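This report refers to the structure that appears directly beneath it.
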Amino acid sequence: MLSKILFHLVPFLLPFIAYGLYLFATRRARETGQAFDEAPWYWLFCSGLVLMVVSLVAVWASTGEPAGDDYVAPHLQDGEMVPGRSTKN
């Protein structure tokens, strides 16, 4: 569960991390003494949101069962648990 949350949270945080690394690499923050006071928060948030939505769409498009299949729920058969599956019509 944690890996699924991190898979979508990390793309959101990437713009903030990249901006922080940019400030550190250029030493601009240390010269002025204001690390994130003049940060473009709106653009960082929007770009992070776009990256997170792209990751959600990518997972949605690449997983799941084909449309039109019938789903058979998990059940007990002869005392053993049979996992759920999709069957062709």
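Things to note:
- Residues of segment 80-89 satisfying the condition of being surrounded by fewer than 10 Cβ atoms within 10 Å (Cβ to Cβ) and over 28 Å from L6 (Cα atoms): E80, M81, T87, K88, N89
- Screening segment 48-79 for residues that are of a type outside the set (A, V, I, L, M) and in contact with a Phe, Trp or Tyr (Cβ under 9 Å, 6 or more places away or on another chain) and picking the one that is surrounded by the most Cβ atoms within 10 Å (Cβ to Cβ) gives G48.
- Count of segment 67-89 residues which are at pLDDT 90 or above and assigned to a strand (DSSP E or B): 6
The values are calculated or read from the model by the stated rules, or taken from the named source; none is laboratory data. Here the structure is a predicted model, which is why all the values come from computation and not from measurement. Heads up, the Cβs are rebuilt from the backbone with ideal geometry, glycines too, and the neighbour counts pull from every protein chain shown.
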